[in-house]
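Contents: one structure, followed by commentary.
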Amino acid sequence: MPLSRLNEEQKLAATAPAGANLIIASAGTGKTSTIVARIAYLLGQGVKPEHILLLTFTNKAASEMLERVEKYFDKSTVSKIVSGTFHAVSYKLLKKYGKKISLKQPKDLKILLKTIHARRRFDHIDSGVNPYQSSYLYDLFSLYQNSTIELSFSEWLKEEDSEHGVYFDIYDDIFEEFQGLKKEYGYVDFNDLLIMMRSLALKSEDLKFSEVLVDEYQDTNTLQGSLIDAFDKRSLFCVGDYDQSIYAFNGANIEIIGSFATRYKDAKVFTLNKNYRSSSKILSLANRVIEHNPRLYEKKLEVTREGECESPRLLIYDELFMQYKSISSMIKDSMTPHHDIAVIFRNNSSADGIEATLREQGLTCKRKGGVSFFDSREVKAMIDLVSVVVNPKDMMSFIHVFEYAKGVGSSLSREIFEALFELGDGDIYRGFFHPRDIPNPFKQKVKNYQLGLFDECHEFGSTSRFYNLGFDETFLSNPILKHAKLSVEGAKFIYDFYKFLKNSTRIKNAKSLINHVMSAEVFNKIADTLATMRATRKDATVDEELKKEARSRIFRKGHLLKDLADGYSSSEKFLNALTLGSSEMSEGEGINLLSVHASKGLEFKEVYVIDLMDGRFPNRKLMSKGGSLEEERRLFYVATTRAKDKLALSYAKFDKIKKIQYVHSPFLNEAKLIT
């Protein structure tokens, strides 16, 4: 059993009696082993696996933990444990209880919000403050949902000292329409999943757990915390480290872990103090810095590794780019395998320089957060076409597809979708092929000066301009073709989409549907548009050979997507797997280029923490927008404790491009590397 492999602190935590248990697990102290042992202990005590809920911050973390449990219990037992991220678990449980969900990524819903925001005018208000743009407004609303469960959006903005009071009514109205449209089309975002799950957990009488285990508890936000509390559970087992709470920008509330001992009756707090990862000198440096932060719970880390170890190095450079070149040369000369080397940075702008110099040295690297396979435009287009077939209410996928239609922007494509939706009584397939008898399916705009809404009258054109284009009679008789702003090229694209939709609704298998997408005229037009764009020279001429190669690469990606879909019984399951797991997918090999946030939970033999200049790390700009020096210090602690054997910290005194003089980070003083 895994209990035999634990030290006394870990064993005491893993075998704690049922109740509210908090385990303070500092960097490298074996928190995963403790969680695995706790699950095995519960199963050994006769707890049914389906009554165990494991919440993690990545699905990969949950999978790895359960794989380790499988060494002691059969796979059929372990597979019954409910596990995954807050969002993945919520999705699975909501589906299990019959909730219909069309999960959308934030980038898709930002486009929907933009179409609503674009209808508002703010120039009738003379305030001296520019209104928030739609994309920023979406992010702000998401932060609001994660940060409070009691206040309205306007009340929260007021508490955050927003200067936008004159726009609060308009913002509230925008989000009222936004939430209404999401409900009408069945859209759910990641926050909605948790809100819906919380509601189900509070209402359901048979959704009960013997124990809920939470990993990375220090990073939970108010919304996630409310979901944990909503679950009907006999026992709670939370593992985290307040010194590694680094997600305040995403609403993480350090008070959740800080107040655990007072919020839960008879709560017990266990501390894991033995570090198995870093050398004594690396750990000593990290501790010297983090001890400047308030101690929420008492702990004192002990080093278990023995033998000689290297001291952390401080590298000082006169110029920024010189820093990148020198570190790249060091990495080239290093005997450490490249996959076990990481360059960690506070700001993404730092990664550009180091990536360029590494490649200059002929070194391969992978940069977490780069454009993945699923973010390429052709793959997104294929997925959008599949999405519209699976869910005929999916306006966002419809709008994405019509980005490739000449003369049809997001505003017009939304009007066309809404008209088809009206004609089909909530189903655009029926809107195309069995439309209701509605002479004017286009919505009339509402006029309200106070809320920034103004009239926009629709003009109708004759469909006779499309008579010689080879359209069938059913399509020609559709009222959507009367829209005056619809061009001939736009109508042709809609017709290709119409033909694709006509022949696709009976295809249920994900692999077959992607095959159908790749053979459809509408996708071939999209592929041609992308290939032409990628083969266009600076003088606006097209390199036909390059275009041919670009088309070939586009369809190769299509075949790869088809292979990925092969393991899914339905297109719907495939789409939702992509949505829930895409953020954990990364490509590439070689040296790891990571932001501090992306490095969380990882470890490497050799680590370089770069650009340790005051202003960049700590990031003073983000601190002025609501961050704190304590959070920046926790980021430094996380970055340095990724290193097992070798740690180098570097900074530059001058940026010759921006003509900026730099002073070293105060954390280097706290680390006693500079006195």
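Taking only protein heavy atoms and a 1.4 Å probe, the accessible area of the range 233-299 is 49% carbon and sulfur. Computed about its Cα centre, the charge dipole of the chain is approximately 1260 debye, with only Lys, Arg, Asp and Glu carrying charge at their Cβ. Globularity index of the range 181-296 is 1.33 (Cα radius of gyration / 2.2 N^0.38 Å, N = number of residues).
Using per-residue counts of other Cβ atoms within 10 Å, averaged over each peptide, order 86-93, 345-352, 159-166 from highest down.
On the way: 86-93: 21.5, 345-352: 17.9, 159-166: 12.8.
Answer by packing, highest mean first, reads 86-93, 345-352, 159-166.
Annotation: the antiparallel percentage among DSSP beta bridges lying fully within the chain is about 15.
One quarter of the convex hull surface built on the alpha carbon atoms of the range 264-421 amounts to 19.0 nm², the projected area averaged over directions.
Placing pseudo-labels 7 Å out from each Cα toward the beta carbon at SER624 and SER311 gives an inter-label distance of 3.7 nm.
Tell me, what is the percent relative contact order of the range 95-206, built from C-alpha pairs under 8 Å that lie six or more residues apart? Mind showing how you got there, number by number?
Details: 56 pairs, mean separation 48.9, N = 112.
With pairs under 8 Å counted, the relative contact order is 44 percent.
Taking label points 7 Å from Cα along the Cα-to-Cβ direction, PHE249 and ASN515 give a separation of 4.5 nm. Once the other residues with Cβ under 13 Å from the Cβ of LEU223 are scored (Lys, Arg +1; Asp, Glu -1), what is the net sum? For residues surrounding LEU223, the net value is -4. With a cut-off of 12 Å between beta carbons, the residues surrounding ALA491 carry a summed charge of +3, where Lys and Arg count +1 and Asp and Glu -1.
With the convex hull drawn around the C-alpha atoms of the range 4-95, the volume per residue stands at 111 Å³.
The apolar share of the surface of the range 18-103, taken as the fraction of accessible area on carbon and sulfur atoms (1.4 Å probe, ligands and nucleic acids excluded), comes to 49 percent. Modelled this way, with points 7 Å down the Cα-to-C-beta line, the labels at SER152 and GLU549 are 5.9 nm from one another. Summary of packing: across the peptides 205-211, 420-426, the per-residue average of other C-beta atoms within 10 Å ranks them, highest first, as 420-426, 205-211. Over the chain, Cα pairs under 8 Å with separation of 6+ residues give a relative contact order of 18 percent.
Can you bin the chain into rounded, prolate or oblate? Criterion: square roots of the alpha carbon gyration tensor eigenvalues sorted a ≥ b ≥ c, rounded for a/c under 1.5, prolate for a/b above b/c, oblate for the rest. Here the chain falls in the prolate category.
What's the ranking of 494-503, 51-60 by average number of surrounding C-beta atoms within 10 Å, highest first?
Numbers: 494-503: 18.5, 51-60: 20.6.
Result, highest mean Cβ count within 10 Å first: 51-60, 494-503.
Each of TYR72, THR675, ILE507 was scored by the projection of its Cα onto the charge dipole of the chain, and the greatest displacement toward the positive side belongs to TYR72; charges sit on the C-beta of Lys, Arg, Asp and Glu. Short-range pairs are left out: with C-alpha atoms under 8 Å and at least six residues apart, the relative contact order of the range 1-156 is 16 percent.
Per-residue ellipticity at 222 nm for the chain, helices alone: DSSP H runs ≥ 4 residues times -39500 (n - 2.57), over residue total, nearest 500 deg cm²/dmol? Numbers along the way, then the final one.
Working: 30 runs with 310 residues, N = 675.
Computed ellipticity for the chain at 222 nm equals -13500 deg cm²/dmol.
Can you give the net charge of the other residues whose Cβ lies under 13 Å from the Cβ of GLU355, counting K and R as +1 and D and E as -1? Counting the neighbours of GLU355, the net charge comes to +3.
Once you have a ≥ b ≥ c as the square roots of the Cα gyration tensor eigenvalues for the range 304-358, tell me rounded if a/c is under 1.5, and otherwise prolate or oblate according to whether a/b is larger than b/c. Don't jump to the answer; show the numbers that get you there.
Working: a/c = 1.91, a/b = 1.72, b/c = 1.11.
It comes out prolate by the Cα gyration axes.
The values are calculated or read from the model by the stated rules, or taken from the named source; none is laboratory data. Quick caveat, the model's predicted, so the values are computed rather than measured. Every residue, glycine among them, receives a Cβ derived from its backbone with ideal geometry; neighbour counts consider all protein chains shown. These accessible areas exclude ligands, DNA and RNA; they are computed on the full protein's heavy atoms, side chains included. Shrake-Rupley method; radii C 1.70, N 1.55, O 1.52, S 1.80 Å.
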